[in-house]
Amino acid sequence: DAKTTQPPSMDCAEGRAANLPCNHSTISGNEYVYWYRQIHSQGPQYIIHGLKNNETNEMASLIITEDRKSSTLILPHATLRDTAVYYCIATRGGDSGGGADGLTFGKGTHLIIQP
Amino acid sequence: DSGVTQTPKHLITATGQRVTLRCSPRSGDLSVYWYQQSLDQGLQFLIQYYNGEERAKGNILERFSAQQFPDLHSELNLSSLELGDSALYFCASSVASGGKSGYTFGSGTRLTVV
């Protein structure tokens, strides 16, 4: 997995968009960008992933720069329940045919939604 | 409910003992992954099984072992327990090896070694 760098913490006001950056400057061509979040000692929750194109689902949007060296996770209307640690992971994913497929979690970004 | 079931939710045991943690993957998922989360180490990948066979190993100690059974449930065995093994242990599952569609995690087993 490519190394990712995230700010240790961020604040966001409730109702506003939360934009979480991630740097993955050494990402290789076959590595996806995955985002997970963990709400206080619960199991991590998958949010979204992408390869090259921007992606959107019911939870969030993922914006990947054209050179793929960084990405931004956007929670469009943050609520108090979005307070969590958010992990950005660059990994091959898919049926890689072998090798370590376990995700490498860093320290993530602790997002605090303020009322 | 994520669909991944882990039992027990809490476990307290003494040093030197042996425990077994159980995981039932989401219906249809063939891969099971085990993770350890302690306060000072964060989430650490331990081991992966795919359709009954060991697929990948991470930072798993020799005192720890796992297996995946024909019904696809998995067990993580921890032996000669030490105080430092106290942690949250998570199981995750995915359809394929590598989890292209994302991994689904269980709610974890909190192990306390006293």
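The values are calculated or read from the model by the stated rules, or taken from the named source; none is laboratory data. These numbers were taken from a predicted model, which means no experiment stands behind them. Neighbour counts run over all protein chains shown; Cβ positions are idealised from the backbone, glycine included.
Quick check, is residue B:21 in a strand (DSSP E or B), hydrophobic (A, V, I, L, M, F, W, C), within 14 Å of chain A (Cβ to nearest Cβ) and closer than 19 Å to residue B:1 by Cβ? Taking the combined requirement at face value, the residue satisfies it.
Does at least one position in segment B:38-45 carry a residue that is part of a strand (DSSP E or B) and of a type in the set (A, V, I, L, M)? Yes: one or more hits. Would you point out the residue of segment B:39-91, among those that are within 12 Å of chain A (Cβ to nearest Cβ) and of a type in the set (Gly, Ala, Ser), that is surrounded by the fewest Cβ atoms within 10 Å (Cβ to Cβ)? My answer is B:42.
When the strands (runs of 3 or more DSSP E) confined to segment A:1-81 are screened for residues that are without any contact (Cβ under 8 Å) to a residue 24 or more places away in the chain and within 12 Å of the chain's Cα centre (by Cα), those reaching at least 2 such residues are found at A:45-50, A:61-64. Within this structure, residue A:106 fails the test of being under 17 Å from residue A:3 (Cβ atoms) and more than 8 Å from chain B (Cβ to nearest Cβ). Per the conditions (1) crowded, with 22+ Cβ neighbours inside 10 Å; (2) free of Cβ contacts under 8 Å to residues at least 40 places away in the same chain, the sole criterion not satisfied by residue B:34 is (2). Can we say residue B:95 is surrounded by 13 or more Cβ atoms within 10 Å (Cβ to Cβ), touching a Phe, Trp or Tyr at 6+ places or on another chain (Cβ under 8 Å) and under 23 Å from residue A:42 (Cα atoms)? In short, no.
Inside segment B:49-84, residues that are in a strand (DSSP E or B) and over 23 Å from residue B:9 (Cβ atoms) make up a count of 6.
Among the residues making up segment A:74-107, a single one is crowded, with 20+ Cβ neighbours inside 10 Å, at pLDDT 95 or above and in contact with a Pro (Cβ under 8 Å, 6 or more places away or on another chain): A:87.
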